[in-house]
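Colleague: Okay, here's the structure, questions in a sec.
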Amino acid sequence: GSLLAALMPQNARNRESWLAIGVTVCGLLIGGLLFPQVASGAVVRTEFAWLPAMGLNFALRVDGLAWIFSMLVLAIGLLVVLYARYYMSAEDPVPRFFSFLLAFMGSMLGVVLSGNLVQLVVFWELTSLTSFLLIGYWHHRADARRGARMAFTVTATGGLCLLVGVLLVGHIVGSYDLDAVLAAGDTIRAHALYLPALVLVALGALTKSAQFPFHFWLPHAMAAPTPVSSYLHSATMVKAGVFLLVRLWPALAGTPEWTWLIGGAGVCTLLIGAFIAIFQHDLKGLLAYSTVSQLGYMFLGCGLGAYTAAVFHLMTHAFFKALLFLSAGSVIHALSGEQDIRKMGALKSKIPWTHALFLIGTIAIAGIPPLAGFWSKDEIMGHAFVHHHYLLYGMAAVGAFLTSFYMFRLTYLTFYGTSRLDHHTAEHVHESPMVMIGPLIVLATLSVVGGFPDRKSTRLNSSHITLSR
């Protein structure tokens, strides 16, 4: 799909969009056909000869965890493609945009579906490369070039650390096959190289997911077009670190080193990200620090052993953060590019659809029941409290309060109070077309109902995790 998009002419705007939609829908249909097998506990696996001299095959492996992530990547990707068709300007090189977006989508699917660790690292680095191209899409802007270089430098360096960590794990186990690695947890934890392998793998996850002390690159990536920001920072790239930790927890977790390295980084990140967000004035920049903070909750859950809760929060966060980013794009679209919330205000009546949808996202991320964010945050914090991690619980509670504070501050300054728009901008404020609002309504619906508990459950074979339906 990416190659076909790159070959299309500059003015093939509609054909580009339909190509991207078609590729994504095909992926969703294939995933839907695999669901009965995955839901029954089976692991669907396909292999091709790749590097036989090294004992490596190109393996695609779908279990519950991989299925959930792949469907999330494709479903949010479809909504972003629909939104981007009408968001991107006619002057933008649209073939390049959809080519990069599809290449990134394919790289993310490669990460979550890889059946051996070396193959996972290859796709891991491809996500860094394609995200570099997407963040620097508007390469005529200095901030886009700077943000792209920074993101690539940090994440690619972390990827090199991950490669060395994977080589150590493969050396300990005697195989890079994912099934063999997941079954050798006791052997890995008892080995003298366990701690170096853990630190190196953790560095790969921490850098990719912008965790402390590597959190600084993510806000600079906001120079990308809003659909890119929404996709990379809600459901895909920054979630890859969480996926890696959950994927490898049978092999690496269960030690104090894991708990304090992963959980400690997570709780520091959620507090630092939330504190910085309070003082932000740039609409997308504030949401970027919010993403940093919410990722901290997921890492805290992974560190504490609450893997189901971490994946649950990852899913709900994908819904409401994509909603907030795309709603922010609608605000920016209405204000002809303005992003400073100090120059907004009183937009509630001018863009009512965007206001209502943004408010739903705010309530969800603030963790107010019964919206999705409440259920997933509650699972992580409840796990910390029940297992007597009272310090971590208290810090997570402070982070939840700060989240509510900065999000309602953002909502008030943008949509309420007195108008601070200049006269020219105020005259041209307009609501986004319904074709852009449509994906937001879908995300808002998921943000409302996506976390409701169900007495029944579906057991998905995701490295021994039971995920609530």
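The values are calculated or read from the model by the stated rules, or taken from the named source; none is laboratory data. The structure displayed is predicted, hence computed values, not measured ones. Heads up, the Cβs are rebuilt from the backbone with ideal geometry, glycines too, and the neighbour counts pull from every protein chain shown. Calculation scope for accessible area: heavy atoms of the full protein, side chains included, ligands and nucleic acids excluded. Shrake-Rupley method; radii C 1.70, N 1.55, O 1.52, S 1.80 Å.
Colleague: Taking the stretch 248-330, which chymotrypsin sites (Phe, Trp or Tyr not before Pro) meet the DSSP loop condition and have no more than 16 other C-beta atoms within 10 Å? All intermediate terms of the calculation are to be shown ahead of the outcome.
Modeller: Values: sites: W258, W260, F275, F279, Y289, Y297, F299, Y307, F312, F319, F320, F325; in loops: F279.
Here the chymotrypsin sites (Phe, Trp or Tyr not before Pro) that fit, given the DSSP loop and packing criteria, are F279.
Colleague: Roughly to the nearest percent, how much of the accessible area of the stretch 319-384 is carbon and sulfur, given a 1.4 Å probe?
Modeller: Details: 1210 of 1980 Å².
Heavy-atom surface of the stretch 319-384 belonging to carbon and sulfur, 1.4 Å probe: 61 percent.
Colleague: Tell me, what % of the accessible area of the stretch 59-191 is carbon and sulfur with a 1.4 angstrom probe? Spell out each step's value before the answer.
Modeller: Numbers: 2940 of 4400 Å².
That share works out to 67 percent.
Colleague: For the stretch 251-296 and the stretch 197-226, what is the separation of their C-alpha centers, rounded to whole Å?
Modeller: 10 Å
Colleague: Another question, if that's okay. Treating only the Cβ of Lys, Arg, Asp and Glu as charged (+1, +1, -1, -1), what charge dipole size does the stretch 368-435 show about its Cα centre? Round to the nearest 20 debye. Write out the running numbers ahead of the final one.
Modeller: On the way: 3 positive and 5 negative charges, 45 e Å.
With Lys and Arg at +1 and Asp and Glu at -1, about 220 debye.
Colleague: Could I ask something else about it? What lysines could a cross-link reach from K239, if we take a straight Cα to Cα line under 22 Å and drop same-chain neighbours fewer than 8 places away?
Modeller: Leaving aside lysines fewer than 8 places away in the same chain, those within reach of K239 are K208, K284, K321, K377.
Colleague: Given the alpha-carbon gyration tensor of the chain, what are the semi-axes of its equivalent ellipsoid in whole angstrom, ordered largest first, with each equal to the square root of 5 times an eigenvalue?
Modeller: Numbers: eigenvalues 238, 134, 81 Å².
Semi-axes (√(5λ), whole Å): 34, 26, 20.
Colleague: Output the relative contact order of the stretch 299-391, whole-number percent, from Cα pairs under 8 angstrom with separation of 6+ residues. If you can, show how the numbers build up before the last one.
Modeller: Working: 68 pairs, mean separation 34.4, N = 93.
Relative contact order for the stretch 299-391 comes out at 37 percent.
Colleague: Suppose a student asked you for the relative contact order of the chain, using Cα pairs under 8 Å spaced at least 6 residues apart; what percent would you report? Mind showing how you got there, number by number?
Modeller: Details: 836 pairs, mean separation 72.0, N = 469.
Contact order relative to length: 15 percent.
Colleague: If you rank E338, E427, E379 by how much accessible surface each has, with a 1.4 Å probe, what is the order from largest down? Mind dumping the intermediate values first?
Modeller: Numbers: E338 50, E427 120, E379 95 Å².
Ranked from most to least accessible, the order is E427, E379, E338.
Colleague: Please give me the summed charge of the neighbours of L56: other residues whose Cβ is under 15 Å from its Cβ, Lys and Arg +1, Asp and Glu -1.
Modeller: Details: positive: R45, R61; negative: E47, D177, D179.
Charge balance in the 15 Å sphere: -1.
Colleague: Sticking with this one: May I ask you to give the solvent-accessible area per residue for the chain, in square angstrom, as obtained with a 1.4 angstrom probe? Intermediate values should be presented prior to the final figure.
Modeller: On the way: 17560 Å² over 469 residues.
Each residue of the chain exposes 37 Å² on average to a 1.4 Å probe.
Colleague: In addition: Please list 3J(HN,Hα) in residue order for the stretch 398-405, calculated via the Karplus relation 6.51 cos²θ - 1.76 cosθ + 1.60 where θ = phi - 60°; whole Hz, with x for glycine and proline.
Modeller: Working through the residues one at a time gives 4, x, 5, 5, 4, 4, 4, 5 Hz.
Colleague: What does the highest-first list of 95-105, 349-359, 56-66 look like by mean Cβ count within 10 Å? Please report the intermediate quantities before stating the final value.
Modeller: On the way: 95-105: 23.8, 349-359: 18.8, 56-66: 20.6.
The densest-packed peptide leads the list: 95-105, 56-66, 349-359.
Colleague: Could you work out how far helix 64-87 tilts from the main Cα principal axis of the chain, as a 0 to 90 degree angle to the nearest 10?
Modeller: 20 degrees
Colleague: Something else now. Using the Karplus curve 6.51 cos²θ - 1.76 cosθ + 1.60 with θ = phi - 60°, what ³J(HN,Hα) values do you get for each residue of the stretch 102-108, in whole Hz, with x for Gly and Pro?
Modeller: 5, 5, 5, 4, x, 5, 5
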